[in-house]
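Comments concern the structure below.
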Amino acid sequence: MLHQHLVFCVKRASLQCRPVDMRMGLLLLGLLAQNAAGGSETPPLLTDSSTVRFDEESPFGVVEVIDYASGQSNTDAIDVDANAIRFLRCGNSIIGAEWLDPEFDGQSAFLNFAIHQAVKYRRPRPQRVLQLGLGAGSVPKELRKSGIHTDVVEISPTIVEAAREFFAFPKGPGQTFVADATEFLGSPPVHGDRYDVVLMDLFNGSNPACSTRSEILSTIQDHWLTDSGILLVNFFGYHQSTGGDTHEAAFGLTVAVLETLQLVFKSTRCYREIPLDLALSSPANIVCIAGKFAVPKSPFPVPHEGDHAAPLEMSSFWIQRHFPEFEITSHLQKALDASALETDLAAANRVAQRDRLGPSQLAEGYRELLATVYPPARDWTSPINQRVEL
């Protein structure tokens with residue numbers, strides 16, 4: 001359980017770690033519901049006085065870069081000098097965030113990305129990585145800094161521009177392709193080279209099963225991954241049913257992602273980005289790792305020295321060491337096995353209910369979360385703010 005404050009550690013172990021208010025902590029844990037900090041009635045953590053650095057409309061939604069900096073917090077406990085953050089928004093979703101304090105360089109502000117960054121510790125070390133969906137570029141930037149050839153596919157040139165100008169997204173090693181991810185995957189790999197890791201991060205706030213159709217996953221396995229390659233899929237969802245038809249349907253989407261991955265890959269493991277006893281009834285980012293072989297429970301042998309020697313709880317480095325403890329595969333498998341025992345009619349009704357209620361439930365919940373942490377500079381329901389589902 002978390003205490004009154006969460007603590008996020010800076011990259012260098014010798015530097016001081018500083019406390020972060022609970023509501024900022026929940027924000028950085030993947031925009032979880034604010035139950036522990038006052039629910040949806042809590043005033044926005046980021047006020048209208050926050051600084052907008054970039055604001056441009058695109059066919060895929062309004063792209064906005066906003067800084068939360070000193071003196072702009074509604075709380076009294078945040079060390080604003082240490083915890084100033086820059087957000088990247090596209091349409092109805094915050095798709096990236098990074099610390100402005102250079103002491104935090106290398107740590108992801110959102111903990112699901114810390115898991116993605118940990119692929120650099122895989123053995124043997126990945127030589128080539130493909131990321132689908134750029135966001136602010138936190139993951140490919142860290143991988144490229146580590147010398148790993150990382151190609152990126154992003155549908156919006158405006159997002160690429162914002163990532164380069166405001167988030168120091170580097171140009172290499174690797175290429176950045178402005179393209180629809182599904183169309184890109186439909187063509188042969190550039191130069192015929194396959195990838196050791198494919199990272200899929202295409203969730204936009206309303207499409208938890210985005211691009212996890214079996215034909216797309218089969219294409220990735222058959223044409224894009226090496227024989228020992230793995231796929232990481234990131235999406236926003238419930239790790240358990242919290243009761244009621246809408247929550248059951250939303251949880252069913254998470255189960256459906258596992259089911260589809262299992263149809264294609266020999267082995268799949270799914271992890272919550274945070275401890276299983278935190279915010280039990282709230283959705284969070286979920287990362288599933290799939291491969292042509294048995295995926296080990298601890299897929300990335302993170303070092304136990306340097307920044308990882310004694311990381312503070314809930315820091316990026318702590319998450320990289322402990323996320324295997326947040327595995328939810330067996331729980332999802334039980335739900336999947338139980339659904340397989342239903343009659344055909346019951347199963348058909350469940351699927352119809354899931355397809356009808358699940359996405360809308362998550363989309364509504366996601367917008368409610370954003371309203372507690374992010375100033376609604378624009379109408380979130382406006383068509384221009386709805387990013388295209390791939």
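Specify the residue that is surrounded by the most Cβ atoms within 10 Å (Cβ to Cβ); the eligible residues are those in the stretch 115-142 that are in contact with a Pro (Cβ under 8 Å, 6 or more places away or on another chain) and closer than 21 Å to HIS304 by Cα.
So, considering only residues that are in contact with a Pro (Cβ under 8 Å, 6 or more places away or on another chain) and closer than 21 Å to HIS304 by Cα, the one surrounded by the most Cβ atoms within 10 Å (Cβ to Cβ) is VAL119.
Being charged (D, E, K, R) and surrounded by fewer than 21 Cβ atoms within 10 Å (Cβ to Cβ) is true for just one of GLU313, GLU273. Which residue is that?
Details: GLU273 fails: surrounded by fewer than 21 Cβ atoms within 10 Å (Cβ to Cβ).
From the options GLU313, GLU273, the qualifying one is GLU313.
Pairs please, first residue from the stretch 227-242 and free of Cβ contacts under 8 Å to residues at least 40 places away in the same chain, second anywhere and hydroxyl-bearing (Ser, Thr, Tyr) and surrounded by fewer than 23 Cβ atoms within 10 Å (Cβ to Cβ), Cβ atoms under 7 Å, 6+ apart in sequence or on different chains.
THR242/SER281
When the residues of the stretch 180-200 are filtered to those that are under 20 Å from the mean Cα position of the chain (by Cα) and aliphatic (A, V, I, L, M), which remaining residue is surrounded by the fewest Cβ atoms within 10 Å (Cβ to Cβ)?
Only one residue fits best here, namely ALA181.
Identify all residues within the stretch 302-321 that are within 19 Å of the chain's Cα centre (by Cα) and in contact (Cβ under 8 Å) with a residue 40 or more places away in the chain; write none if there are none.
MET314, SER315, SER316, PHE317, TRP318, ILE319, GLN320
On the given criteria, is GLY174 surrounded by fewer than 20 Cβ atoms within 10 Å (Cβ to Cβ) and touching a strand residue (DSSP E or B) at 6+ places or on another chain (Cβ under 7 Å)?
It is true that GLY174 is surrounded by fewer than 20 Cβ atoms within 10 Å (Cβ to Cβ) and touching a strand residue (DSSP E or B) at 6+ places or on another chain (Cβ under 7 Å).
Do the conditions hold for PRO170, that is, is it of a type outside the set (Phe, Trp, Tyr), more than 25 Å from LEU100 (Cβ to Cβ), touching a helix residue (DSSP H, G or I) at 6+ places or on another chain (Cβ under 7 Å) and outside any helix (DSSP H, G or I)?
no
Please go through the stretch 88-114 and give me each residue that is touching a strand residue (DSSP E or B) at 6+ places or on another chain (Cβ under 9 Å), open to solvent by less than 10 Å² (accessible area, probe 1.4 Å) and more than 20 Å from ARG272 (Cα to Cα), ordered by number.
LEU88, ARG89, CYS90, GLY91, PHE104
Name the residues in the stretch 127-156 that are part of a helix (DSSP H, G or I) and among the polar types (S, T, N, Q), would you?
Taking the stretch 127-156 and keeping what is part of a helix (DSSP H, G or I), we get 138-145.
Once the filter is applied, which keeps residues that are part of a helix (DSSP H, G or I) and among the polar types (S, T, N, Q), the stretch 127-156 yields only SER138.
Test GLY229 against the stated conditions and say whether it is at pLDDT 95 or above, open to solvent by less than 20 Å² (accessible area, probe 1.4 Å) and among the small types (Gly, Ala, Ser).
On the way: at pLDDT 95 or above: yes; open to solvent by less than 20 Å² (accessible area, probe 1.4 Å): yes; among the small types (Gly, Ala, Ser): yes.
Yes: the conditions hold for GLY229.
Going by the structure shown, is SER156 open to solvent by 10 Å² or more (accessible area, probe 1.4 Å) and either under 19 Å from ILE85 (Cα atoms) or not basic (Lys, Arg) (or both)? Lay out the reasoning, then the answer.
Values: open to solvent by 10 Å² or more (accessible area, probe 1.4 Å): no; either under 19 Å from ILE85 (Cα atoms) or not basic (Lys, Arg) (or both): yes.
Considered against the rule, which asks whether it is open to solvent by 10 Å² or more (accessible area, probe 1.4 Å) and either under 19 Å from ILE85 (Cα atoms) or not basic (Lys, Arg) (or both), SER156 comes out as no.
The values are calculated or read from the model by the stated rules, or taken from the named source; none is laboratory data. On a predicted model such as this, the values are computed, not experimentally measured, just so you know. Virtual Cβ from ideal backbone geometry, glycine too; neighbours counted across all protein chains shown. Ligands, DNA and RNA are stripped out before the accessible areas are found, and what is left, the full protein with its side chains, is counted by its heavy atoms. Shrake-Rupley method; radii C 1.70, N 1.55, O 1.52, S 1.80 Å.
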